[in-house]
Structures are given as C-alpha cells and as structure tokens.
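Below is one structure, written out as structure tokens; the observations come after it.
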Amino acid sequence: MNRECYGKLIFELSRKGRGGYRLPSNGCTPSVDELPEVLLRRTAPELPEVDEPTVVRHYNNMSTNNFGVDTGFYPLGSCTMKYNPKINEEMAADETIASLHPYQPSATVQGVLELYYTLQQTLSEIGGMSEFTLNTYAGAHGELTGLMVIRAYHAGRGDDRRVKVIVPDSAHGTNPASAAVAGLKVVEVKSREDGTVDVEDLRPLLDDTVAAVMMTNPNTLGIFERNIPEIASLVHEAGALLYYDGANLNPLVGVARPGDMGFDVMHINLHKTFSTPHGGGGPGAGPVGVRKGLEHLLPNPRVVKKDDGTFDISYSDCSLGQVTGTLGNFAVAVRALSYILSLGCDGLDMVGRLATLNANYVKESLRDAYLLPVDGVCKHEFVFDGLIDKSGGVTTLNVAKRLLDHGYHAPTIYFPLLFHESLMIEPTETESKETLDDFIRVMHDIAREAAESPDVVKSAPHNTPVGHPDDTNAALHPVVTYKELIDNVQQ
Ligand SMILES: *Cc1c(COP(=O)(O)O)cnc(C)c1O
C-alpha cells in the first residue's frame, strides 16, 4: 500500500504543472474563434495534474481496496456470486461484438441475432417456458416487465378489477417494489416458520381482484416450496397468474423447470445464474419468459427467425410496448450464452446439483456452532440465526466483520427478516472442497473466539484498509459528499 496515496482523491494528489500524458497533434483541433460563444467555458476545467507513476499507483491501490469474486470466496446469500469464467469476458470483448451499433440493419448482424435467438430458445428450454425476451436490465426490471405482461393479459380479457399482487413476506424486497411500480397493490401472505407459504393462508386471499401471486422457489431461506402444484391450481382457479422470481434459479438448473411446476411468467437473473460480474449495481439482465398463450404480449422489439432461416428484429402491435431502448444488455447475453455453451448439457446438469451439495456441506459442517432455525435439506443457500452460544454477546454483524480479516466477503446479514440474527450463506457451485473446508475452519475459529475472547470479534475487522466504522452514526448523520467529509474533518 502506497501510504501517501491511500484514501486520497486523485485531485488531492494534483500538483500544478505536473503531467503524465503525451498526445499526438491531430492537426485539426478547431480554433476557439470557430466555436459559438455560448459553448465556450469561462474558466479552465479543474483537471488533476499528476505524473504517470502517481496515476498508476493511485488506481492500482484503489482496485485492491475492493473485494471481488476474483480475489476471494464470496458467500453472499441471495446474490449467487459464482466465479465468472474469463472465456465469457473474451467473448463479450470480441471486437465485432463490442463495436456493434444497436440500429444496424438486420442483414449486417445476422450472427448477432442468431446468438440472441439461440439464448432466447435456450432459456425457454431451461425454464420450461414458451418464449423469452432478453430486453431487461436487471432482475427487478424483469419483475416489472413480467407484471406488465400479466396486467396486459388481464386487460386483454377486459378484466380491469385485478389490481392486487400477493407476495410472501419472505420475498426479496424487489417483489413488492416492482408490483408497486407496475401500479398494483401488494398483499402480503405470511410464511410459516420454515419460510414456506401455507396454502391455507393463501386460499382466503385469492379472489377476482388478484392479478398475480409472486413466488420464489427455492424461497429466500433456500427451502424448496413443495406445494407449488397445489398453489398453481388455486391461483389459476381464481383467474390469476403465477409469477416465478427466478433469481434463485441456480439450484434448479438441470434439475427442474418452473414451467413444469405451473408458473405462467418468470424472470431469470442472467448476471447471477449465468455468470456476469455483478455487484455495485450492474450491468445485468433479467430476461422474462412466458407460457404458451402470452408470447404476443412480450415487449418490443423481438428477435425472430423467419421461414427462410434468416433472423430479424420485429415489432408487434399486440406487445405491451418497449421496456428498453433496444434489445437490452447485449454483452450480458453474450456472457450467459458463453457460460451455457462452455458447460454444455452435461455441465449444465451439474450446476444445480453442485450448488445444492456445496450449500448442504457447509450447513451441516457448521451447525454445531451456528444456530440452524430450519432443519432439513436446503437448496443453494441457507440461513443461520447467529451463533448457538450467544453468551459472549457476539452478533451476526461481528461474525461478518471478523470474516473480512480472514479474506472472505461477508455473507448476507439480517436478511431475511424472519430471524433476529440472520446470516445467509450461498457458496455456489464454482467453489472447490478446499475453499469450503477453509471457510468452515475459519467460521469455527470465529465461534471459538466469540466464546473465549469476544472483544476481538466485536472490534473486527482489524486488518482491512478501513477498520470498524460507526454504522449507527453513519446512518443517522450520513455524509454524502466528499466536500462535506473534508469540512467535517477540518472542524
Ligand atoms: C437478486 C434478487 C432479485 C433482484 O435482482 P436484481 O438484478 O438485483 O434487480 C430479486 N429476487 C431475488 C430472490 C434475488 O435474489
């Protein structure tokens, strides 16, 4: 770590007259007199003046202050932080692909459209759906689009009374948010102690004002909802549609298909299940799949295969309209297809199985030290309710911070809200037994430390670039600009 640079902005490293660039003269820079007066700056831009080594060290140091799946194990429950194979990046960075223009004539991009079409077809096969659109930028955007399909379906039947969406209380926060953005009213259905939805609780909520029921399977606790076929028939009898939040599709890949379970509309998080570096807000894609009879409602434009075997971009009048400018995050689609094709059918068949095996291995290895509120086989993830021995006063937050000292990303904490000390672990299928064993050893060490010298755990992390920030103070008095921070320090 370069001490002088650490924690500083590039602007603070600036010294008048320093420079680190050499530009060739291009011979056509317009002279100031040629530019309209209104476009001219009054003052020169405040650009940092820095020498080359300072720039290189600054950005390299900054990159190592962050944590990524390429630097260590990242068991962040619900986020599916699997390793992203480098072949995906090579494909997405291919010059032909990277230099495409979204409005190029179809005849000049046949290969690209074929790639698009192949992914649409492959996802339909994986999800057991009739058709998919790739035109969405995230899981939440997929939920919104899926709910718009459902609204368009009811509107198309002349049924305008269906204004409610039923969402389990264990659902991801994006579910009720998407429903609200889609203009629908959220009705919560309570889950049982194991986080699953009770059919008897759902039954009285189903009437002719319900547009859809949103389900996540396996649910947020990593538990497989066994009653889906029964729930599906109840929902359909009530005239509503069943929506599948496919952000948790990972354990089902190669094992089971939402379409076969009775779901009508679903989204898949390509950035999670089919590996795109995510976190920090993107880029992502949440393709939406629909069962037979709903295809015409999918957003414009669509990639279609014509009778002569060529591909085209088509717009339909029946569609609900556009949810993106063009065809979505193409580079994410490239990575997803690259992941799928490089695994092949045999490899894909192992994704769900290995994700499930890894999660159960970690869960069973740690249940002697961490409280397991829901017993039984989990799918790709599981939730502990903190340490079994809480006598030292060590919380889930402390355990998560102590893990940082050992070079691990923290698991998801205090979510789901069903337990007070939720610690949610998702190892994914891409981790080796050695990595999992090492993580298990460290988790045991922390549990021992929590009993023997709890203060060490409570004051963690001890060896990260940023130590133990005051979370409460930060939440109560957020400092949101750098200037404010400097002013605070100077006061
Ligand atoms: C991640 C996740 C989402 C939201 O996906 P984004 O791409 O972050 O919008 C929705 N539901 C579940 C269960 C998730 O894990």
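Taking a ≥ b ≥ c as the square roots of the eigenvalues of the Cα gyration tensor, an a/c ratio of 1.5 or more together with a/b no larger than b/c marks the stretch 61-190 as oblate. Taking 24 Å as the straight-line reach from the Cα of residue 363, the lysines in range (excluding those fewer than 8 positions away in the same chain) are 82, 272, 379, 390, 401, 433, 458. Remark: the Cα gyration tensor places the chain in the oblate category, a/c being 1.5 or greater and a/b not exceeding b/c. Between the stretch 38-75 and the stretch 330-384, what is the separation of their alpha carbon centroids in Å? About 35 Å separates the Cα centre of the stretch 38-75 from the one of the stretch 330-384. Residue 143 sits among other residues whose Cβ lies under 15 Å from its own Cβ, and their net charge, with Lys and Arg +1 and Asp and Glu -1, is 0. What net charge do the residues around residue 76 carry, taking every other residue with its C-beta under 10 Å from that of residue 76, with Lys and Arg at +1 and Asp and Glu at -1? Taking every other residue near residue 76 into account, the sum is -2. Subtracting the Cα-Cα distance of residue 346 and residue 22 from their residue separation scaled by 0.36 nm leaves 111.4 nm.
The separation of the stretch 113-183 from the stretch 435-478, counted between C-alpha centres, amounts to 39 Å.
As a calculated quantity, the FRET efficiency between residue 198 and residue 326 at R0 = 35 Å, using C-beta atoms, amounts to about 0.20.
Just to be sure I understand the model, the point goes 7 Å from the Cα along the line to the Cβ. What's the resulting residue 90 to residue 437 distance in nm? Placing both labels 7 Å beyond Cα along the Cβ direction yields 3.1 nm.
When you count the other C-beta atoms within 10 angstrom of each residue and take the mean per peptide, 333-340, 200-207, 442-449, 224-231 line up highest first as 333-340, 442-449, 224-231, 200-207. For chymotrypsin sites (Phe, Trp or Tyr not before Pro), the sites in the stretch 35-122 that DSSP calls loop and that have at most 11 other Cβ atoms within 10 Å are 103. Prolate is the label for the stretch 340-395, because a/c, from the alpha-carbon gyration tensor with a ≥ b ≥ c as root eigenvalues, is 1.5 or above and a/b exceeds b/c.
Every pair of different Cα atoms in the stretch 283-408 enters the Kirkwood calculation, which places the hydrodynamic radius at 19.5 Å.
Every read-out reported here was derived from the displayed coordinates using simple, explicitly stated rules and does not represent laboratory data. What you are looking at is a predicted structure, and each value in this text was computed from that prediction instead of being measured. Don't worry about glycine lacking a Cβ; one is built from the backbone with ideal geometry, like all the others, and counts go over all protein chains shown.
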